[in-house]
Structure formats: C-alpha cells, structure tokens
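Only one structure is covered here, and it is reproduced in the block below.
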Amino acid sequence: MLGRALPGPEQGVIRDAITEGVIRRLLDKGDPRLQNFQLCNGCGSCTPYCPAQINDLETNGDCGYLARKVTAALQAGRRPEIDLSDCVQCYSCETVCPRSVSIGGIINAVYETEHIQPVFRRMLLDRGCLPPHAFLPLYTGRGRIRKFVAKAIQYPRPVDDRAVDEVRRLLLHPVEASAFSRPGHPAPKRPLTRPDQVFHLNSCCAFNYPGADLSQREILAALGIRYETSRLQTCCGGAPHYMGGAGFADRLLLTARNLSVIRDALEPDDGIAITGICPTCSDSYTAALELLSVGANRAVVNEALGRIGRGVGNPGTFVVANILDLYPLYLDELRRLVETRLSGLRVGVHVSCHYRKMTGTLAVPPGLQDLAAVTGARVVRSGMEHHCCGGVKNLFDRHQNGHTKGLPRLNRLVHKGFMQHRLDVMVVDCPGCELVYDHMGVPVLHITELLALATGADPRETVCIQGHLTSLSPALGRIGIL
C-alpha cells in the first residue's frame with residue numbers, strides 16, 4: 001500500500017476529517033475571529049458591500065446565502081464549502097453587519113489554518129520581513145527577471161541582525177489567538193493633526209515600487225515634516241498574515257514589538273505619528289493599538305515581549321497617520337509645490353480594502369481623489385472605486401499554481417472598467433494594489449509617485465518608473481513628463 005494512491009472515497013474521508021478537525025480546533029481554542037458567529041441571522045446586509053463579490057452566483061438573488069453557508073458550516077463543525085482564496089479580508093462585512101459578525105474574519109481564520117505557508121514563515125524567522133526574493137516568482141512568471149535583479153541590488157532593505165533575532169525568539173514561542181479578547185467598544189480615535197515629526201515605516205511590498213517610498217520621503221521633506229526610520233523595525237506581520245505565513249497573534253506581537261522600536265526612535269511625546277506608503281501596515285498598527293487598549297491583552301503582549309527585553313506602554317501615545325489622512329491636511333501646500341501640472345492625464349482612483357477596513361467606512365474616502373486632483377490630472381469616477389483589485393494573496397496563489405496566463409474574475413472586471421473609461425493611469429494608495437494592477441497590464445502609480453511627478457521629481461531617479469512591469473511611457477510621454 002505504501003506506493004499506491006488511496007481510493008477516491010478514502011481520500012475524501014481523510015480530507016473531511018482533517019478539515020473538520022481544523023474547525024473544531026478553532027472553535028475549541030476560542031479564536032476571537034469566531035467569537036460571535038452564532039449571532040448571524042443571514043440578513044444579507046453584508047453582501048452588497050463585498051468588494052470581491054463572492055456571494056454564490058447560483059443563489060438567485062438571495063443576499064444572505066453566503067453568510068448562512070459559512071456560519072451553518074461552523075455550527076455543524078464543518079469547513080465552509082467556498083473558495084476561501086476569493087476573500088481578501090477587507091472586513092467590509094463586519095463594518096456593515098448590525099451584529100458585528102465578521103464573515104471575512106471567519107474565512108481568514110480557516111484559510112490561515114489550512115493554507116499555512118512555511119516559506120513565508122521561514123522568511124520572517126530568517127530575515128524579519130518579506131525579503132526581495134519573496135516576490136521573485138511574480139517576476140519570473142512574467143519573464144521580468146532583470147527588473148527584479150535591478151531592484152534587489154539597488155534597494156535590498158536589510159533589517160538589523162538584532163531585530164531578526166528578536167523576531168525569531170518571539171515567533172518560536174507562539175501565543176494562541178484565544179489569549180486575546182476583542183475590545184467591546186473601540187476607544188474614540190484621536191483626530192489627526194499636522195505633525196512636526198513622523199516615524200516612516202519600511203514596507204515589505206515597497207521593494208516592488210521603491211519609487212513610492214522615495215517619493216514619500218521627498219514629499220515629507222518638501223512639506224517640512226521631519227521623519228525617522230530604524231533598521232530595527234521589522235515587518236508588521238500584515239502581508240505574511242494575509243498570505244498564510246503569520247497567525248493572528250503573530251501579527252499582533254510583531255506590530256507591538258515595532259511600537260517599542262518606534263517609541264525608542266522618537267522622543268517621548270503626547271502623540272507619535274506613524275506613517276508609511278502601505279495601508280496594510282496602517283491597518284496592522286490600528287488593529288494592534290485597538291487590541292492593546294484592553295489591559296488584559298496588553299499584559300499578554302508584554303509577557304511575550306519581555307522575553308526579548310521589550311514592552312509596550314500606553315497605546316494612546318501613538319496615532320496612525322495614513323497618507324490618505326495625512327496629506328489632505330496639506331492640500332494648499334501641495335498645490336504650491338506643483339511644478340508640472342499633469343493636465344490631460346485621465347486617471348482612475350482605487351482605494352485599498354485595507355484602508356477601508358482600518359477606517360471602518362465603506363464610502364469612497366475623498367482623500368485619494370483630492371490628492372490626485374491637486375496634480376492637475378483629470379480624475380474619472382467609476383465603479384472600480386468600489387471593487388477589490390483582486391488581492392496580492394490571490395496573485396501569489398495563481399503563480400504558485402502555475403496559472404499565470406489570463407485574468408481571474410475580479411481582475412477582468414477591473415481591467416474592463418479601465419479600458420471602458422479610456423484611462424491613462426490608475427492611482428492607488430497601496431503597493432499591493434499597485435502590484436496587482438501592474439501584473440494585469442494596467443499602467444499604475446502610487447499616489448506618492450503621482451504627487452512626486454507633479455512636484456518635479458525625476459521620473460527615473462525618484463519615481464523609478466523603469467521598475468514597473470507595465471510601461472508608463474505612453475501616458476507620461478503624451479503629457480511631456482518624458
């Protein structure tokens with residue numbers, strides 16, 4: 001029997017036993033993402049707001065079908081019979097649910113357990129972040145190895161060995177997700193004011209678009225905002241978490257450790273502003289600060305951090321200054337900094353799911369539109385503002401499964417909208433969304449890159465347009481930038 005494949009029925013029995021064991025383990029351990037799933041009554045409030053549109057197409061308009069399917073499976077101790085990779089964990093469902101049930105959180109918990117990616121976890125243990133070679137399959141699949149090599153040589157972004165050692169010691173002593181409880185009522189968020197100084201986060205995904213990070217630094221300097229960075233800062237855990245390489249508790253511990261690093265890098269202050277080019281980072285810090293507002297959660301985190309000589313204090317010391325909230329405070333200054341109006345450039349805007357998750361609103365926030373308009377570009381409104389780009393997780397899944405040709409459903413939907421509106425460029429707030437658009441053949445710029453071009457930055461030295469997979473030369477050449 002050792003050399004033979006099991007008959008189909010026996011394989012099915014084994015697979016069902018494994019997946020049912022996964023669900024029971026999640027329920028028995030009290031994973032906070034599954035805490036209130038029994039409150040779901042399948043009202044369907046969440047379905048119209050799902051940017052991934054993953055409700056079963058055969059439901060004949062039954063808006064509550066997906067939610068009932070997921071929660072009924074849990075009640076029976078079974079795995080939800082849906083394609084878990086379709087969900088991108090934007091948590092729009094939780095935002096609109098009248099009972100705060102998170103179908104996305106449930107799917108994330110099951111996906112994380114079933115699709116653990118040892119390669120991403122090893123990278124965290126070895127490098128403290130997702131290093132450049134984490135993205136190599138996305139370049140070899142497109143035959144763009146030279147672009148990868150050029151970035152890897154010029155922008156290696158190493159993490160200090162001490163930081164890597166701290167991450168390794170944290171993750172090798174895992175904490176169960178059940179050790180944490182969700183805050184009953186989130187504390188009111190402190191309104192963001194114009195900071196004199198910020199801590200600028202190094203995003204793992206920024207490797208793909210170093211121009212977004214370089215542009216951010218140039219804009220901060222032009223606005224007179226001092227910024228600090230640190231090689232002791234590691235990955236926030238957000239990207240590895242959503243791609244199956246870090247658990248719920250891992251992500252919280254990684255972010256909490258970075259909060260300790262940030263506190264050490266800046267003088268103690270009433271408000272330490274944390275910014276960066278990645279909304280997944282912003283979301284990780286926002287979620288961590290919310291969880292740490294509960295004293296019991298903070299005690300668990302500090303016990304773990306104590307093993308590496310660190311700890312976190314009052315979470316109210318920090319404020320997350322996402323660029324879509326920070327830069328709109330400086331619209332007048334940005335207008336004065338514009339040297340080259342991008343008149344004639346037709347752009348669409350795409351706000352990331354993780355920014356919406358962080359802010360808890362489903363409305364298209366005005367920040368990205370306002371910032372794009374400052375450059376003189378013509379902002380064309382479309383339904384693409386409400387759709388998910390397709391997700392970096394799904395992009396990796398496709399390449400790992402050898403499905404590099406053709407576009408999946410969400411990508412086709414967004415690409416069709418781009419063509420129908422005759423746009424020149426998509427403008428995004430997220431390097432992950434930028435990666436997905438770039439791979440589907442859509443010219444794309446991070447909002448920091450667009451602003452930098454308008455304020456006179458060099459397209460190649462600062463914005464690094466040569467590193468994009470889809471050429472920006474036709475669009476930028478037509479308006480005289482190149």
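The values are calculated or read from the model by the stated rules, or taken from the named source; none is laboratory data. None of the values given here were measured: they were computed from a predicted structure. Cβ atoms come from the backbone with ideal geometry, glycine included; neighbour counts cover every protein chain shown. Side chains are part of the model used for accessible areas, which takes the heavy atoms of the whole protein and leaves out ligands, DNA and RNA. Shrake-Rupley method; radii C 1.70, N 1.55, O 1.52, S 1.80 Å.
Think of the stretch 231-365 as having a plus end and a minus end, set by charges on the Cβ of Lys, Arg, Asp and Glu; of Pro279, Val294, Leu345, Leu345 sits farthest toward the positive end of this dipole.
Rounded to two decimals, what is Rg over Rh for the stretch 164-270 when you use alpha-carbon atoms and the Kirkwood radius? On the Cα set of the stretch 164-270, Rg over Rh gives 1.00.
Solvent-accessible surface of the stretch 326-397, averaged per residue with a 1.4 angstrom probe and all protein chains in place: 36 square angstrom.
Taken about its Cα centre, the chain carries a charge dipole of roughly 780 debye when the Cβ of each Lys and Arg holds +1 and the Cβ of each Asp and Glu holds -1.
Run the accessible area of the chain with a 1.4 Å probe and give the carbon-and-sulfur part as a rounded percent. Walk me through the numbers on the way to the answer.
Values: 10360 of 20250 Å².
Within the chain, the accessible surface is 51 percent carbon and sulfur.
For the chain, the normalised intensity computed at q = 0.07, 0.11, 0.13 Å⁻¹ comes to -0.36, -0.92, -1.31 (log10 of I(q)/I(0), Debye sum over alpha carbons, equal scatterers, no solvent).
When the chain is described by a simple charge dipole with +1 on each Lys and Arg Cβ and -1 on each Asp and Glu Cβ, the residue from Val119, Ile308, Leu220 located farthest towards its positive end is Val119.
Taken over the Cα atoms of the stretch 69-218, the convex hull encloses 199 Å³ per residue.
Annotated for the chain: lysine pairs at least 8 residues apart or interchain, Cα distance under 28 Å, count 16.
Please check the chain for the longest run free of GluC sites (Glu not before Pro) that are loop-located per DSSP (anything but H, G, I, E, B) and have at most 13 other Cβ atoms within 10 Å. Please report the intermediate quantities before stating the final value.
Values: sites that count: Glu58, Glu81, Glu176, Glu339, Glu461.
Here the longest segment lacking exposed loop sites spans 177-338.
Each Lys or Arg adds one and each Asp or Glu subtracts one; over the other residues with Cβ under 14 Å from the Cβ of Pro137, this totals +4.
Among residues other than Gln466 with Cβ under 14 Å from its Cβ, the summed charge is +1 (Lys and Arg +1, Asp and Glu -1).
Annotation: amide H-H contacts under 5 Å for Ile272 (H modelled 1.01 Å from N, sequence separation of 5 or more, or interchain): Phe318, Val319.
Each label point was placed 7 Å from the Cα along the Cα-to-Cβ direction; for Leu413 and Cys43 their separation is 2.3 nm.
Under the combined filter of DSSP loop state and at most 15 neighbouring Cβ atoms within 10 Å, the stretch 338-375 retains these trypsin sites (Lys or Arg not before Pro): Arg341. Sorting the Cα pairs of the stretch 418-460 by distance into bins of 10 Å, from 0 upward, gives 29, 52, 19, 0 percent per bin. Could you work out the local net charge near Val338, counting Lys and Arg as +1, Asp and Glu as -1, over the other residues with Cβ closer than 14 Å to its Cβ? Cβ neighbours under 14 Å give a net charge of -2.
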